[in-house]
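Below is one structure, written out as structure tokens, with a few remarks after it.
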Amino acid sequence: MTHEFDSTSDSIKTDIEAEPFALAVSPAVCPGDKPADPCIIVIIGASGDLATRKLAPALYKLYINDRLPDPFLIIGCGRTALNNESFRDRMKDALMSLSTVDVAPWQRFAGHLYYQTLHYDSLQSFKDLARTLKETDAGHAVGGNKIFYLATPPFLYKTISQMLVQAGLSGEGEEGSGWTRIVVEKPFGTDLQTAVELNQALLEGFREHQVYRIDHYLAKETVQNIVVFRFANAIFEPLWMRNYIDYVSITAAETLGVEHRAGYYEKSGVLRDMFQNHMMQLLAMTAMEPPSRFEADMVRDETGKVFRSLRPFPGENPWENLVLGQYCPGLIDDKKVSGYREEPGVNAQSFTPAFAMMKVFIDNWRWQGVPFYLTSGKRLAKKLTEIVIQFKEVPHSVFRHILGEHITANRLTLGIQPDEKITLTFQTKNPGARVCLRSVTMDFSYSRDYTGPMLDAYEKVILDCMNGDQMLFWRQDGVELCWSFLTPVLETCEFCSERAAHLHFYEAGTWGPPAAREFIKASQLKSR
């Protein structure tokens, strides 16, 4: 894992100052994000955890920063029997649990909130919703534009989308109807077959351009910055290939356990929960070729090429490229935490992996032979998401007679969370009469010299959905390509007789099983 190879280094923080006679460069002006089209946002599952914990805070923050269109309405729908006032109270309580809420802005925002009880298996209930939307649209001049955000468990996606179609709510461009979009959250199926079935259900009444498959990792500012960093800077892109890069490490570590999600996690495990979506997208953003234009379909065409180029896992012995683990009791922030098998709702003999390290190869001209290490796990030592580009060592040491053969290689680290930053490590001479090298680091904080509002992932995806921009959303071919790659691995993990022997245990609060560190060392020795 990447942290095992970090070296203690000095930190150099410099402002770039224009030299004499250099041409002055004006700062770029970033266009506004406020959508032009009015719309109704229909949150189906509005009384659930996702709506209260993520969507309500995101929408409220967009509102107070004047990022929502005028007019806009939010209609919450769910099986819980609420009225407008009780729904508004619930949303306010959700916001108050996160931070203080000023009275005046909240009262203005609350005036845009409405609620309607919706039974997901009742066509009449959806027809009632259609009538409400028509009446509401007529009274507020929204133009027929609507977003259906499915904040429900994934197993309900198929049923709800079919009901929306049968109730006449999927069409767009008809008289009195503007655009219509449907938003679904990952996971998009549980394997290749269920992903294909879900897509078929969605496309029975919605067209592909109407379907927004959210992966909130893609909406993190620093993930988007990967593409900008690569393709807007001439000094890095020529080095972004097999000739100069030794390996790439992508890590998404969590300190949390499964918490209240044991029912879901026991069926998914870390590979379904993190690798099919988040880790594959981070991989694609890091490895993709430059698109001809920075537009949604062209970017997604390039990420699709990465997925198509993934080398299949070795069928006879997938464990050559895979380490799985499960956490045992340990300490997180000096507090005792339970092991995975002691979590409420978890089978006491469970073989579900909560940690995985996977070595993958991309068989194309740019990346042939470069290993990509993808690592994710729960109850690890630190909450950390980062991408490390490890460059090759210098081919010849002119300092061999002084320093010996080894000189620490350069490293570029793209920090995604919690520290949103970019660091570059390189070698300099220590001050003094003798020639001694030291590793130093130049770093850039993503929020540095920026004073405007920072959008979190859900604020960004909601804005993009209202703007009709699918850049940060999955396209179905990408979903199916990733499942095609991972399904054979899942079948090995879940059905082979050897899975118990290949599940490595680790103490909560550490960096995963020792087998993962041995795996990286062995892989790197083998490649040299």
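Every read-out reported here was derived from the displayed coordinates using simple, explicitly stated rules and does not represent laboratory data. Quick caveat, the model's predicted, so the values are computed rather than measured. Please note: Cβ atoms are built from the backbone with ideal geometry, for glycine as well, and neighbour counts cover all protein chains shown.
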For the stretch 307-316, does any single residue satisfy the condition of being touching a residue at least 12 places away in the same chain (Cβ under 8 Å), in contact with a Gly (Cβ under 9 Å, 6 or more places away or on another chain), in a helix (DSSP H, G or I) and not charged (D, E, K, R)?
yes
Any hit, the stretch 126-134, residues being of a type in the set (Phe, Trp, Tyr), assigned to a helix (DSSP H, G or I) and closer than 23 Å to residue 262 by Cα:
no
Here is a check on your reading of the model: is residue 98 surrounded by fewer than 17 Cβ atoms within 10 Å (Cβ to Cβ), assigned to a loop (DSSP other than H, G, I, E, B) and in contact (Cβ under 8 Å) with a residue 12 or more places away in the chain?
yes
Within the stretch 349-370, identify whether any single residue is charged (D, E, K, R), surrounded by 13 or more Cβ atoms within 10 Å (Cβ to Cβ) and under 18 Å from residue 247 (Cβ atoms), and answer yes or no.
yes
Members of the stretch 291-306 found to be surrounded by 14 or more Cβ atoms within 10 Å (Cβ to Cβ) and either part of a loop (DSSP other than H, G, I, E, B) or of a type in the set (A, V, I, L, M, F, W, C) (or both), listed by number
291, 296, 299, 306
Answer from 211, 258 - the residue that is surrounded by 14 or more Cβ atoms within 10 Å (Cβ to Cβ) and under 20 Å from residue 379 (Cβ atoms)
258
What's the total number of residues in the stretch 112-142 that are among the aliphatic types (A, V, I, L, M), surrounded by fewer than 17 Cβ atoms within 10 Å (Cβ to Cβ) and in contact (Cβ under 8 Å) with a residue 40 or more places away in the chain?
2
Matching residues in the stretch 322-368 - criterion: being among the basic types (Lys, Arg), farther than 21 Å from residue 251 by Cα and touching a residue at least 24 places away in the same chain (Cβ under 8 Å)
366
Does residue 431 satisfy the condition of being closer than 30 Å to residue 246 by Cα and either within 24 Å of the chain's Cα centre (by Cα) or outside any loop (DSSP other than H, G, I, E, B) (or both)?
no
Among (1) closer than 21 Å to residue 416 by Cβ; (2) over 17 Å from the mean Cα position of the chain (by Cα); (3) in a helix (DSSP H, G or I), there is one condition residue 238 misses while meeting the rest; what is its number?
(1)
Residue 49 vs. criteria surrounded by fewer than 19 Cβ atoms within 10 Å (Cβ to Cβ) and within 26 Å of residue 169 (Cβ to Cβ)
yes
